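Student: One structure, as structure tokens, below. Some questions next.
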Amino acid sequence: MASPNSTFTEMVTTTMRKHHRKIVDNVTDHNGLLTLLKERGNIKTDHAGGYEIAIPLSYAENATYQRYSGYDTLNIAASDVLSAAKFDWSQVALHVTASGRELRMNNSEERMINLVKARTDVAMATAANNMSVDLYSDGALSNQIGGLAHVITADGTGTVGGIVAGTYTFWKNKFNEIAAGGGTTVTFANLKAAMNTQWLAQNRGNDKPDLLVASHDLFSIYESGLQDLQRYADAKMASAGFEALKYKSASVIFDDNTNFGTTAELVYFLNTKYLYLIEHPDAKWTEDDEKVPTNQDAVVVPIYWMGALCCSNRSLQGRIHDLA
């Protein structure tokens, strides 16, 4: 079946294709974590296929380090130090549609541009909002990526990347309770104390958290404690559109979505050096050719994304929380 309107086909070829970069940037810039991953080059498209995404990782030191003297026998045993975390591909689809009626009512080129632009703008906003939710999810929904709640758990356990942290303890994330003992109100003082403890637990030389993502309630407590210290503002993150503070060398932001709301009493301590958003090079908010359904008077333009949030060092990720 031919397209109901040839002008729409032309607009898809021109206007929609020009929007591709905007869709990608809109999704990235909508989220502080994705913005920082993008700046560090950790949004990658170098996994072109395969049944799953394999992330090589080292999990132990070389056991042959030996102090010796003279003719001492040296340890030349093989050291098993490498493994891999494996993450499943997740997929997202959006569709920009127009009915034959709409196409005929907007059959001038000027009107058609407006129609395509309006529908594309909605697709961009939808992609940004929903990817933000997915990024903080535990992956419980059907076909959803495993977000921060999956990678960084309240007790450090869980199966992430196919590795069971309860069996292989090197794979446990760090965690700390803010108001330990239960029933204690979170204040700036005990929040700061928990942050200091968590920072030391995740600090390994030059490896340290570079982004703290706080729920609204804890961000507000932290902000109130620093209200008069303007030097704690992170100008770089603020210029990207995020309310941002500083804790030591790390940025502190909050994010607004249904999985990470106003009363979560949670702060993620992220070392983004070991966090990656892997995207398939053929599906990174990529528009497909227009489709014409056989049983409808309409045109559909699919937009596809395929990837996963991956972690190569879970022990350097962490969270603080109030579970009371």
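The values are calculated or read from the model by the stated rules, or taken from the named source; none is laboratory data. Just so it is clear, the model here is predicted, and its values are computed rather than measured. So basically every Cβ, Gly included, is an ideal-geometry build from the backbone, and we count neighbours across all protein chains shown. Side chains are part of the model used for accessible areas, which takes the heavy atoms of the whole protein and leaves out ligands, DNA and RNA. Shrake-Rupley method; radii C 1.70, N 1.55, O 1.52, S 1.80 Å.
Student: Among the residues that make up region 43-52, is at least one of them open to solvent by 80 Å² or more (accessible area, probe 1.4 Å), at pLDDT 65 or above and more than 27 Å from residue 294 (Cβ to Cβ)?
Tutor: Scanning region 43-52 turns up at least one residue that is open to solvent by 80 Å² or more (accessible area, probe 1.4 Å), at pLDDT 65 or above and more than 27 Å from residue 294 (Cβ to Cβ).
Student: Separate question: Return yes or no: is residue 132 surrounded by 17 or more Cβ atoms within 10 Å (Cβ to Cβ), not in a strand (DSSP E or B) and not aliphatic (A, V, I, L, M)?
Tutor: When the stated conditions are applied, residue 132 passes them.
Student: Quick one: in region 159-180, of everything that is free of Cβ contacts under 8 Å to residues at least 12 places away in the same chain and in a strand (DSSP E or B), which residue is farthest from residue 89 (Cα to Cα)?
Tutor: Restricting to residues being free of Cβ contacts under 8 Å to residues at least 12 places away in the same chain and in a strand (DSSP E or B), the top hit is 164.
Student: Can you tell me which residue in region 217-247 is modelled with the highest pLDDT, limited to those that are surrounded by fewer than 16 Cβ atoms within 10 Å (Cβ to Cβ) and in a helix (DSSP H, G or I)?
Tutor: 220
Student: I want to confirm something. Restricting to region 149-186 and keeping residues that are modelled with pLDDT under 90, of a type outside the set (A, V, I, L, M, F, W, C) and within 26 Å of residue 220 (Cα to Cα), which single residue is least open to solvent (accessible area, probe 1.4 Å)?
Tutor: Among those that are modelled with pLDDT under 90, of a type outside the set (A, V, I, L, M, F, W, C) and within 26 Å of residue 220 (Cα to Cα), it is 182.
Student: Would region 102-114 turn up any residue that is at pLDDT 80 or above and outside any helix (DSSP H, G or I)?
Tutor: No, every residue in region 102-114 fails to be at pLDDT 80 or above and outside any helix (DSSP H, G or I).
Student: Assuming residue 295 fulfils every condition listed in (1) polar (S, T, N, Q); (2) modelled with pLDDT of 90 or more; (3) under 17 Å from the mean Cα position of the chain (by Cα) apart from one, which condition is it?
Tutor: (3)
Student: Going through region 120-129 one residue at a time, which ones are within 18 Å of the chain's Cα centre (by Cα) and open to solvent by 10 Å² or more (accessible area, probe 1.4 Å)?
Tutor: 124, 125, 126, 129
Student: Let me ask something else about it. Does region 298-307 include one or more residues that are open to solvent by 20 Å² or more (accessible area, probe 1.4 Å), hydrophobic (A, V, I, L, M, F, W, C), more than 17 Å from residue 92 (Cβ to Cβ) and touching a residue at least 60 places away in the same chain (Cβ under 8 Å)?
Tutor: no
Student: Right, next: So, residue 186, is that one within 15 Å of the chain's Cα centre (by Cα) and in contact (Cβ under 8 Å) with a residue 60 or more places away in the chain or not?
Tutor: Judged against the criteria, residue 186 is not a match.
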